[in-house]
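Trainee: The structure that follows is given in the form of structure tokens.
A short reminder: the numbers here are calculations on the coordinates, not readings from a lab. These numbers were taken from a predicted model, which means no experiment stands behind them. Quick reminder, even Gly has a Cβ in these numbers, built from the backbone with ideal geometry, and neighbours come from all protein chains shown.
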Amino acid sequence: MTFTNKKKLLLGSHRGLTTQNNQPHPENTIASFEAKAQSHADYIECDCIMTKDNKLLLFHDPIISNHPVTEQYIESLQKHHPNLESLDQLLTRLVPNSQSVLSQKGLCLELKFYETTQSRKKIFAKKTLEHLDKYKLQDQTVIVSFDPEILSYLYDLNPNYALGLNLILDPKYQETHKLPKPSLSEPVIEKLSYCCPHINNYDHPKIPKLPKLIWESKNENLIYQTLKKIQKTESINQWSINHNISGITTNSVQEIAKLLPHT
């Protein structure tokens, strides 16, 4: 699958999450993405963080066991937290003929914004591209981040990768979820393929005029609620065209799949 598919609105699995009370698998794991509840997803969205020894790990939060992930070694992390998986482990499932249900699905890879030095950010960008190049996944991958510097370093290393800037324009939401302030004046915006706003901001006048990959946070079903409302007045497909929305990254893959036309 490629993100340049203009024929339909793409459906993405957010961290392998569902809206069920009891999450069947830990988020950001192969098992969560391969679960039946995610079978209708065109692409998966996962979080990537770099450890102290420059290894790439699938994990969302900056802290684990009261210590920053970026200050711990991957061997120790995986020893004490067996559910943690590396980016390498996931990428082997996405390649053609991998015998996984994830084979050839799209990948929306979010690089976390926890690095504080330019040198570490450059290493993070370089390591990410090395992994994706190793498995020849450029055509089915979009790399997104809240950190425009990381996106800029990625572009400088290889301008052919599709990049997207994550955005949330609500100050209270930023504070609650400990997100960085949006960077709408960064030079890298001109080099992006996508703008990635939260569902509450998909039609905000200040966001860049780029194709959109919209998202929601953990425990939210705002995208499903929004689409149900839209469906009462217009087709979801027409709505996505009108607002230049290419994909939706959601916790409600099963429910939203029932709303979308079969293509």
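Trainee: So if we plug the beta-carbon distance of residue 185 and residue 101 into 1/(1 + (r/R0)^6) with R0 = 35 Å, what FRET efficiency do we get, rounded to 0.05?
Mentor: It comes to 0.25.
Trainee: Charges only on Cβ, +1 for Lys and Arg, -1 for Asp and Glu: so what's the dipole of region 18-75 about the Cα centre, in debye to the nearest 20?
Mentor: Around 100 debye, computed over region 18-75.
Trainee: With a/c under 1.5 counting as rounded, go ahead and sort region 143-263 into rounded, prolate or oblate using the C-alpha gyration tensor (a ≥ b ≥ c being the square roots of the eigenvalues; past the cut-off, prolate if a/b is larger than b/c, else oblate).
Mentor: Prolate.
Trainee: If you take the square roots of the eigenvalues of the alpha-carbon gyration tensor of region 12-114 and sort them as a ≥ b ≥ c, do you get rounded (a/c under 1.5), prolate (a/b over b/c) or oblate?
Mentor: prolate
Trainee: Hey, with R₀ at 22 Å, roughly what FRET efficiency would residue 61 and residue 89 work out to, going by the Cβ-Cβ distance, to 0.05?
Mentor: 0.70
Trainee: Quick check: from the Cα gyration tensor, does the chain come out rounded (a/c under 1.5), prolate or oblate?
Mentor: It is rounded, given that a/c, with a ≥ b ≥ c, falls under 1.5.
Trainee: Let me ask something additional. What value does region 97-199 have for Rg/Rh, both radii from Cα atoms and Rh as Kirkwood defines it?
Mentor: For region 97-199, the value is 0.99.
Trainee: Arrange the following residues from fewest to most other Cβ atoms within 10 Å of their Cβ: 50, 1.
Mentor: 1, 50
Trainee: Just from its helices, what would the mean residue ellipticity at 222 nm be for the chain, if runs of 4 or more DSSP H residues each count -39500 (n - 2.57) and the sum is divided by every residue, rounded to the nearest 500 deg cm²/dmol?
Mentor: The per-residue figure over the chain is -7500 deg cm²/dmol.
Trainee: If packing is taken as the mean number of other Cβ atoms within 10 Å per residue, what is the order of 215-225, 148-158, highest first?
Mentor: Sorting 215-225, 148-158 by mean packing, highest first, produces 148-158, 215-225.
Trainee: What whole number of Å gives the distance from the Cα centroid of region 33-54 to the Cα centroid of region 192-263?
Mentor: When both Cα centres are located, 19 Å separates them.
Trainee: Oh, and also: Specify the inter-centroid distance of region 130-155 and region 70-110, based on alpha-carbon positions, in whole Å.
Mentor: Result: 15 Å between the Cα centres.
Trainee: Also: Among DSSP bridges having both ends in the chain, what percentage is antiparallel? Round to the nearest 5.
Mentor: Restricted to the chain, the bridges split so that about 20 percent are antiparallel.
Trainee: Let me ask something else. With the contact rule set at Cα under 8 Å and sequence spacing of 6 or more, what percent relative contact order holds for the chain?
Mentor: Averaging sequence separation for qualifying contacts and normalising by length gives 21 percent for the chain.
Trainee: Apply 1/(1 + (r/R0)^6) to the Cβ-Cβ distance of residue 114 and residue 157, taking R0 = 30 Å, and write down the FRET efficiency to the nearest 0.05.
Mentor: Efficiency at R0 = 30 Å is approximately 0.90.
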